[in-house]
Structure formats: structure tokens, C-alpha cells
Amino acid sequence: MRKRTVIGGGLLALVLAGSLTGTAQAAAGDRVHHWGPVQSKSGHGGYAKADVWLSDFDSERFVVSGKLYDRDYHSGHCAYVRAKFHYASGGTGWSQVRYTCSSKGANFKLSSDGEVTRADVRVCLVSYRTNAIFRCHTDAIKASTVANWPQ
């Protein structure tokens, strides 16, 4: 009986180690293609900027990630990023909003609920006091655009 418990514990440790490795590989798989900077329109006080990475379009869950920077000098303005996903099965859906008021930047990760054919990454400035968004710019990222990119 004791021997079985030890083997069972070893098997549990092996399964846990394998699942952690799988999780690390999935996290690394989120950042496959570097799209580059997406920047809001400039105003009299600055702009918002996101350095964007993409997962593969053929994955079950599409991920847009990167770092968001607030480059506006007004204290009441912050950087804002959001993605609109166009699903392979039809229809669209918006990700949650991510924002930062830091010029040093903040990491973000936006993910879909299924396979997508296109993602519209929207970067804006947002007023901290009124939540109004302005000076937006949207990059439409299609699967056909990144299909032949080197990895």
C-alpha cells in the first residue's frame, strides 16, 4: 500500500509539472507575431501608444498583448486600448478595456472567445475625470496580412 502511494504521488507531481509546462508554453504561444506600434492621433498634449504582439489566427483563442504607454502631458488624460474581434463563425465581440496613466507603460492582454479572422486594435486617449475617449486610431489586423510572416 505504501509503495502505491509513493508512485501515485510521483505520478501527481509528473502531471502537475507537465501542466505547468503546458501553461508556460501556452503563454509563450500568445506572443507569436510582432505587429508593432499602434498610436492614437496626436493632440495638443500628446498621444497614447501600444506596442502590439499577436498570437496565431488559427488558434482557438486569439490574443492581442503588449505594452500600453501614456504619452499625453495632461494629468487628466490616460492611454486606452481595446480590441474588436471578428469571429470565424460570424459576429463580433469587444474585449475588456485596458488603460494606464503611466508614461513607463503597463502590460496588457486581450483575448477572444473563439477563433477569429480579424482583430481591430483601437488605441485612444481617455479622460480620467469623464471617461470620454478621444483621438482614437484603429488598426485592422487580418489573418491574411500576417499569414506569411516569419515567426
Checklist entry - When segment 87-118 is examined, which residues are found to be in contact with a His (Cβ under 7 Å, 6 or more places away or on another chain) and either among the charged types (D, E, K, R) or open to solvent by less than 50 Å² (accessible area, probe 1.4 Å) (or both)? => result Val116, Arg118
Checklist entry - Counting only residues that are within 16 Å of the chain's Cα centre (by Cα) and at pLDDT below 90, which one in segment 22-42 is most open to solvent (accessible area, probe 1.4 Å)? => result Arg31
Checklist entry - Taking segment 124-135 as the region of interest, how many residues are touching a residue at least 60 places away in the same chain (Cβ under 8 Å) and either under 12 Å from the mean Cα position of the chain (by Cα) or open to solvent by 30 Å² or more (accessible area, probe 1.4 Å) (or both)? => result 2
Checklist entry - Just a yes or no: is a residue in segment 139-147 surrounded by 20 or more Cβ atoms within 10 Å (Cβ to Cβ) and under 14 Å from the mean Cα position of the chain (by Cα)? => result yes
Next on the checklist: Looking only at residues that are of a type in the set (Ser, Thr, Tyr) and closer than 13 Å to Val81 by Cβ in segment 43-70, which one is farthest from the chain's Cα centre (by Cα)?
Outcome noted: Tyr47
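The values are calculated or read from the model by the stated rules, or taken from the named source; none is laboratory data. All values derive from a computational prediction rather than experimental measurement. Neighbour counts run over all protein chains shown; Cβ positions are idealised from the backbone, glycine included. All accessible areas refer to the heavy atoms of the entire protein, side chains included, with ligands and DNA or RNA removed. Shrake-Rupley method; radii C 1.70, N 1.55, O 1.52, S 1.80 Å.
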